[in-house]
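Visitor: Mind looking over this structure? Questions follow.
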Amino acid sequence: MSATHPIEPAAGEAVSEDRVIDTATGEEAPAELSEQRVLGIFTEIAGQYEQFNHASSFGQDHHWLDRVVELAPVTSRSRVLDVAGGTGEVTFALCRSYHPAHIVLSDYTPGMLEVAKQRIARGDACGVDVETRVVDGQDMPFADASFDVVTMAYGIRNMPDRMACLREIYRVLEPGGTAVILEFSTPPRPIERAFYNAYLRWGIPAWGDHFTGKRDDFVYLARSIKAFPAPDAFCDMLRRAGFSDPAFERKSFGAVAIYTAVK
Ligand SMILES: C[S@@+](CC[C@H](N)C(=O)[O-])C[C@H]1O[C@@H](n2cnc3c(N)ncnc32)[C@H](O)[C@@H]1O
């Protein structure tokens, strides 16, 4: 389950992910629909987000995060951008492991970054220069080729124009730079997929209700996971954004996939 699979272009298979969509359904829709919903949801759950993630993944989130950190070729001289970085889980893990020169922790929801700032104040950045910025990952204010590594965990699924985000990541990366993207996926084997779908339908909203009392927000989460492209289709999107050699590995029976792509 943990081998990295290089992906060949899908022969004759057109992937129609260039559209602006409703991230809950994958159907074409105005971007504002998804953007406003995401802002509302993550503003509401910012304070409980990390506890929810940990409990609802039965602690697997830390293993997935460790693997993202392993795959990110960060050194002490790296300039790193964390897109949709939220409360800073990936950013602070990179700080602990590599002590990079500079990390921009960017996110669309100011409330998530407020939690990240509290963590910086508590010392979670381990002395690394972490800059928090409110940024839409689909339209970033950074110069071309200004980062060596870009990370994004559980972010792209929430964006209505995913190709715009992937093109932006490609643009801001230095030639030779690497993107590491973690996203929920769907287990390929039928039995595991059936359990997973049942968990998405009943388990995730129940956890959400327990932590925040906002069951509906977590119905969205489950729907957006089901509407997200399969790993090979997502690799095709990476390729169309300009990346030459996207690869992915599944974790936890395919509940998530971790993508790497080099500019
Ligand atoms: C599930 S959280 C992931 C946070 C963090 N990456 C982590 O690993 O815990 C998804 C994040 O995506 C952010 N997001 C959604 N749409 C975005 C966009 N268009 N641009 C940047 N961030 C976005 C949300 O604000 C939220 O903080």
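The values are calculated or read from the model by the stated rules, or taken from the named source; none is laboratory data. Values in this document were obtained by computation on a predicted structure and should not be read as measured data. Neighbour counts run over all protein chains shown; Cβ positions are idealised from the backbone, glycine included. Just so you know, the surface numbers come from the protein's heavy atoms only, side chains and all, with ligands and any DNA or RNA stripped out. Shrake-Rupley method; radii C 1.70, N 1.55, O 1.52, S 1.80 Å.
Visitor: Could you calculate, for the stretch 121-263, the ratio of the Cα radius of gyration to the Kirkwood radius, expressed as Rg to Rh?
Guide: Result: Rg/Rh = 1.01.
Visitor: Okay, next question. Return the long-range amide H neighbours of residue 133 (sequence gap of 5 or more, or a different chain), with a cut-off of under 5 Å between placed amide H atoms.
Guide: Result for residue 133 returns 105, 106, 107.
Visitor: While we're looking at this one, here's another question. Between the stretch 95-150 and the stretch 196-263, how far is it from one alpha carbon centroid to the other, in angstrom?
Guide: 22
Visitor: R0 = 51 Å: FRET efficiency of residue 240 with residue 216, Cβ-based, nearest 0.05?
Guide: 0.90
Visitor: Quick one: Cα convex hull volume of the chain, Å³ per residue?
Guide: 115
Visitor: Using heavy-atom solvent-accessible surface (probe 1.4 Å) with all chains present, what is the largest-first order of 64, 202, 207?
Guide: Result, largest first: 202, 207, 64.
Visitor: Another question, then. Which far-off residues, 5 or more places away or on another chain, put their amide H under 5 Å from the one on residue 145, with H placed in the peptide plane?
Guide: 172, 173
Visitor: Two decimals is fine: what is log10 I(q)/I(0) at q = 0.15, 0.20, 0.23 Å⁻¹ for the stretch 39-155, from a Debye sum with one equal scatterer on every Cα and no solvent?
Guide: Log-scaled intensity ratios, in q order: -0.62, -1.13, -1.46.
Visitor: Also, quick follow-up: Working out 0.36 nm times the residue gap between residue 66 and residue 54, then minus their Cα-Cα distance, what length gain in nm do you get to one decimal?
Guide: Extending this stretch completely gives an extra 3.0 nm.
Visitor: Just the number please: accessible area per residue for the chain, 1.4 Å probe, all protein chains included, in Å².
Guide: 43
Visitor: Would you calculate the separation in nanometres between label points at residue 131 and residue 36, each defined as 7 Å from the Cα along the Cα-to-beta-carbon direction?
Guide: Between residue 131 and residue 36, the label points sit 3.3 nm apart.
Visitor: Further question on the same structure: Quote the FRET efficiency, to the nearest 0.05, computed for residue 19 versus residue 44 with a Förster distance R0 of 25 Å and r equal to the Cβ-Cβ distance.
Guide: Given R0 = 25 Å and the Cβ-Cβ separation, E is 0.35.
Visitor: Convert each backbone phi in the stretch 98-115 into a coupling constant with the Karplus relation 6.51 cos²θ - 1.76 cosθ + 1.60 (shift: θ = phi - 60°), then list the ³J(HN,Hα) values in order as whole Hz, x for Gly and Pro.
Guide: 10, 6, x, 4, 7, 10, 9, 9, 10, 6, 7, 9, x, x, 5, 5, 4, 5
Visitor: Before rounding to the nearest 500, sum -39500 (n - 2.57) across all DSSP H runs of length at least 4 in the chain and divide by the residue total; then give [θ] at 222 nm in deg cm²/dmol.
Guide: Theoretical 222 nm ellipticity from helices: -12500 deg cm²/dmol.
Visitor: Taking all protein chains in place and a 1.4 Å probe, what share, in percent, of the accessible surface of the chain do carbon and sulfur account for?
Guide: Ligands and nucleic acids excluded, carbon and sulfur reach 54 percent.
Visitor: Go through the stretch 46-63 residue by residue and turn each phi into a ³J(HN,Hα) via Karplus (6.51, -1.76, 1.60, θ = phi - 60°); whole Hz please, and just put x for glycine and proline.
Guide: Each residue's phi maps through the Karplus curve to give 3, x, 10, 4, 5, 5, 4, 4, 5, 5, 6, 9, 6, x, 5, 3, 5, 5 Hz.
Visitor: I've got another one for you. Provide the percentage of antiparallel DSSP beta bridges, counting only those with both residues in the chain; round to the nearest 5.
Guide: In the chain, DSSP labels about 45 percent of beta bridges as antiparallel.
Visitor: Moving on. Pull out a ≥ b ≥ c, the square roots of the eigenvalues of the alpha-carbon gyration tensor of the stretch 104-192, then state rounded if a/c is under 1.5, prolate if not and a/b is larger than b/c, and oblate in the remaining case.
Guide: Oblate is the answer for the stretch 104-192, as a/c is 1.5 or above yet b/c matches or exceeds a/b.
Visitor: Then there's this: How much solvent-accessible surface does residue 124 expose, in Å² to the nearest 10, with a 1.4 Å probe and all protein chains in place?
Guide: 40
Visitor: Separate question: Return the sequence-ordered ³J(HN,Hα) values of the stretch 172-182 in whole Hz as given by the Karplus equation 6.51 cos²θ - 1.76 cosθ + 1.60 applied to θ = phi - 60°, using x for Gly and Pro.
Guide: 7, 7, 5, x, x, x, 10, 9, 10, 10, 10
Visitor: Shifting gears a bit: Please identify which residues in the stretch 202-224 have an amide N closer than 15 Å to a label point set 7 Å out from the Cα of residue 118, following the Cα→Cβ vector.
Guide: Of the residues in the stretch 202-224, 212 have backbone N under 15 Å from the label point off residue 118.
Visitor: Under 5 Å between amide H atoms, partner at least 5 residues away or on a different chain: which partners does residue 185 have, H built in plane at 1.01 Å?
Guide: 256, 257
Visitor: Extension gain residue 227-residue 143, at 0.36 nm per residue separation less the Cα-Cα distance, in nm?
Guide: 27.0 nm
Visitor: Still on this structure, I have one more. Quick one: check the C-alpha center-to-center distance for the stretch 47-80 versus the stretch 160-177, whole angstrom.
Guide: 21
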